[in-house]
Protein chains: 2
Amino acid sequence: MAYYIGVDVGGTSIKAGVVDDTGRSLHSIQISTEAAKGQEHGLAQMSRAVREAAKDGGLSLDQISAIGVATPGTMDIPAGVILDPPNLKPWRNVPVRTHIEREFRLPTAFQNDANAAAYGEYCFGAGRGARSMVMFTLGTGIGCGIIIHDMIIEGEHSHGAESGHMIIEMNNARLCGCGRRGCFEAYASATAVVDRAREILEEARGTSSLGQKLTETAGLTAEDVFSAAKVGDAIASRVVEDTAHYLAVGTTNLMHTIDPDRVIYGGGLIATGDWFLDRIRHHVRQLAFPVPAAKTELLYAHLGNDAGIIGAAACARKLVTVSTAG
Amino acid sequence: MAYYIGVDVGGTSIKAGVVDDTGRSLHSIQISTEAAKGQEHGLAQMSRAVREAAKDGGLSLDQISAIGVATPGTMDIPAGVILDPPNLKPWRNVPVRTHIEREFRLPTAFQNDANAAAYGEYCFGAGRGARSMVMFTLGTGIGCGIIIHDMIIEGEHSHGAESGHMIIEMNNARLCGCGRRGCFEAYASATAVVDRAREILEEARGTSSLGQKLTETAGLTAEDVFSAAKVGDAIASRVVEDTAHYLAVGTTNLMHTIDPDRVIYGGGLIATGDWFLDRIRHHVRQLAFPVPAAKTELLYAHLGNDAGIIGAAACARKLVTVSTAG
């Protein structure tokens, strides 16, 4: 059995774990990223995470076949460098892959976190057995990963599968976190769910059970909106139904561009349950061409909490098994 | 030197020609499709086109390495079958590839016409040397072809690169020829240029040089709109500038999904000249992320009149050289 270490670098924490050849996460650890302490410290934290994951997993480093590191932010994927990450300030031009490769003298894969999550699902999760798939990770933003016949669509300038920033509205379009207008993410992310709910509530205070949340310190969350919708709150239901429609628009656009076997949804928003997936499916049937509408499977992600680690490990595995894959 | 025959089946005519290994079209012929006479007659016309192209090109069929056939319409690409083509009524479930293969006992490629046109440009035209590219063919509708590392993105249900039917507007969206609303094609095709011009002119009769065209029997064409814009007509200029913006929206969406080296524009609309391409580039710089905006090349197609034949021949060539390509 071959073993890999997957490292999932986030804005607040670095997760790492040992994953076997079947995608099973044997053990995982989590330490703080402490990005503010600078990128040298950040690289040292990544190394520490690799060592701790191996040790706590009961393996020595010479039992590891390869390491995979997934990170957010603007990057040069082939070069293995994070360029200018909004969530990892003040890092700039951080040579992640070279650092890990030299430190551990092991084949090291470097990948965008949304791409890695998609590849993990493709190999070991909800995408297993599919020839091609698109994955949307629904959180603060919308991450996207596209896999076609075992190829991760990284793009020529590491901007492949940035489909959270497809334009789906041109007039009076919502402002996106990226500074542009009309992006898919500005309509269908968890952040957008809260923003749209707040806008409606501010016009209709008192008529929704959500109104009270607005005045509380912690503020409104996407989970609040979905919970209220589940128990029949009219405003929350409208926000959720709009969200399903917006997700169907983005899904249809990818179905009419990539035409994958499956579209997978991951991230915090899917915790609400299968009823919401059924609403997305309903709207996709209205919007997409008949053949892909009938044949494309829309599913929730399977990998759960360790998805980031498993995705990074799947990229490591791809690196050393590339001659037999696809 | 290897020779291929490319066959480009359209709603009104079938074009065929001999193309050499460097993408040079040696000779081409054109006959009527006569779709209304039924699909058996249509298949016979395709065979006739192959024979005439070889004969007029001065080659015997045993000098031909492979045949490529490109057709419009809903299809099953791996099966080589046209399913239900809107432009080739009353054809239904037409086994094009099997027919040609059996008739000529030669390797036969079958491909969607927009995909084939893109692959022709990728091998021999404006996409030459690119690792990946997206092509938009701007005509009555918007055809699209996506090539990534020599792979034609056909999709799992032959709906890959149907990006003319990405949704780019959700509210008060224009009606598309496909019956849906908000499709890219409903904004940026030649048909949409005419429709948008007509709508504005009907509100502002007499203030534009185009007004007269509206009352003429032949009606307004996209060419009329572009010609009037070139000489400074205000309404025509506005329609053209909006068209450049809409094309930039569709282009940006593909840049943020595929992130190709190049985006190529073909079809009737590009006859207007490079000034229009510069307007598309201007809007893409406003809409796309900085890195792809700076690095993605936007170009007009190079292959001209025989693009359909050369594209179909390129698919034939790919079929018999697949082990050495990509």
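The values are calculated or read from the model by the stated rules, or taken from the named source; none is laboratory data. Remember, it's a predicted structure, so these values are computed and weren't measured experimentally. Backbone-built Cβ (ideal geometry, glycine too); neighbour counts: all protein chains shown. Accessible surface areas use protein heavy atoms only, side chains included; no ligands, DNA or RNA. Shrake-Rupley method; radii C 1.70, N 1.55, O 1.52, S 1.80 Å.
Observations on the model:
- Residue in the range B:103-114 that is in contact with a Ser or Thr (Cβ under 7 Å, 6 or more places away or on another chain) and either away from chain A (no Cβ under 14 Å) or charged (D, E, K, R) (or both) present: yes
- Screening B:ALA248 against (1) out of contact with any Ser or Thr (no Cβ under 6 Å at 6 or more places or on another chain); (2) farther than 14 Å from B:PHE136 by Cα leaves a single unmet condition, (2).
- Here the range B:66-98 is the region considered, the condition is being under 19 Å from B:GLY145 (Cβ atoms) and among the polar types (S, T, N, Q), and the residue that is modelled with the lowest pLDDT is B:ASN87.
- Only a single criterion out of (1) assigned to a helix (DSSP H, G or I); (2) more than 14 Å from chain A (Cβ to nearest Cβ) is not satisfied by B:VAL284, namely (2).
- The set of residues in the range A:249-279 that are within 11 Å of chain B (Cβ to nearest Cβ) and of a type in the set (D, E, K, R) comprises A:ASP259, A:ASP261, A:ARG262.
- Meets criteria (surrounded by fewer than 20 Cβ atoms within 10 Å (Cβ to Cβ), within 14 Å of another protein chain (Cβ to nearest Cβ) and within 24 Å of B:LEU247 (Cβ to Cβ)) for B:ASN172: yes
- Counting only residues that are away from chain B (no Cβ under 14 Å) and either closer than 21 Å to A:ALA186 by Cα or open to solvent by less than 10 Å² (accessible area, probe 1.4 Å) (or both), the range A:126-144 holds 5 of them.
- Scanning the range B:287-325 for residues being part of a helix (DSSP H, G or I) and either of a type in the set (Asp, Glu) or within 14 Å of chain A (Cβ to nearest Cβ) (or both) gives a total of 8.
- Any hit, the range A:270-278, residues being open to solvent by less than 30 Å² (accessible area, probe 1.4 Å), in contact with a helix residue (DSSP H, G or I) (Cβ under 6 Å, 6 or more places away or on another chain) and closer than 25 Å to B:HIS256 by Cα: no
Conditions (1) open to solvent by less than 60 Å² (accessible area, probe 1.4 Å); (2) in contact with a Lys or Arg (Cβ under 8 Å, 6 or more places away or on another chain); (3) modelled with pLDDT of 95 or more, marked per residue:
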| residue | (1), (2), (3) |
| --- | --- |
| A:THR207 | no, no, no |
| A:LEU210 | yes, no, no |
| A:LYS213 | no, no, no |
| A:GLU216 | no, no, no |
| A:GLY219 | yes, yes, no |
| A:PHE226 | yes, no, yes |
| A:ALA236 | yes, no, yes |
| A:ALA244 | yes, yes, yes |
| A:LEU247 | yes, no, yes |
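- Flag if B:ALA190 is over 29 Å from A:ILE147 (Cβ atoms), within 13 Å of another protein chain (Cβ to nearest Cβ) and buried (at least 19 other Cβ atoms within 10 Å of the Cβ): no
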